[in-house]
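Have a look at the structure below, then the notes.
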Amino acid sequence: MTDGRDRSTGQFGPGNSGRKKGSRNKLQAKFLDALAEDFETEGVTVIRLVRVDRPVDYLKIIASVLPKELLMPDSPLNDVSDDDLAEAIAIYRAMKDKKAA
């Protein structure tokens with residue numbers, strides 16, 4: 001055979017994958033270009049359709065692109081407990097309700 005395969009096994013020989021060097025990169029580049037072009041023209045519409053017709057998949061997509069952990073390294077709230085925050089929110093709400101009344 002002229003394609004680099006071993007006639008007895010049908011397998012490609014060492015160092016020969018059967019495709020031209022760089023063809024995978026070219027395919028990936030073409031695919032990503034086509035995907036980007038399609039997203040430019042149809043992205044918002046498709047996102048809206050998925051959100052309405054397939055909300056579970058929509059949420060899975062959102063979860064897949066969000067960071068696994070949200071870090072706020074220099075936040076002044078780092079040393080405030082959840083209980084203290086809840087109390088501060090309750091005070092704020094009470095003040096807001098009193099002002100509205």
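The values are calculated or read from the model by the stated rules, or taken from the named source; none is laboratory data. As the structure is a prediction and not an experimental result, all values here were calculated from the model. Don't worry about glycine lacking a Cβ; one is built from the backbone with ideal geometry, like all the others, and counts go over all protein chains shown.
Some values worked out for this structure:
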read-out: Test: residue 63 is within 14 Å of the chain's Cα centre (by Cα) and either touching a residue at least 60 places away in the same chain (Cβ under 8 Å) or not in a loop (DSSP other than H, G, I, E, B) (or both); value: yes
read-out: Residue within the range 72-82 that is loosely packed, with under 10 Cβ neighbours inside 10 Å, under 30 Å from residue 47 (Cβ atoms) and out of contact with any helix residue (DSSP H, G or I) (no Cβ under 8 Å at 6 or more places or on another chain) present; value: yes
read-out: Lone qualifier among 97, 57 - being at pLDDT 95 or above and in a helix (DSSP H, G or I); value: 57
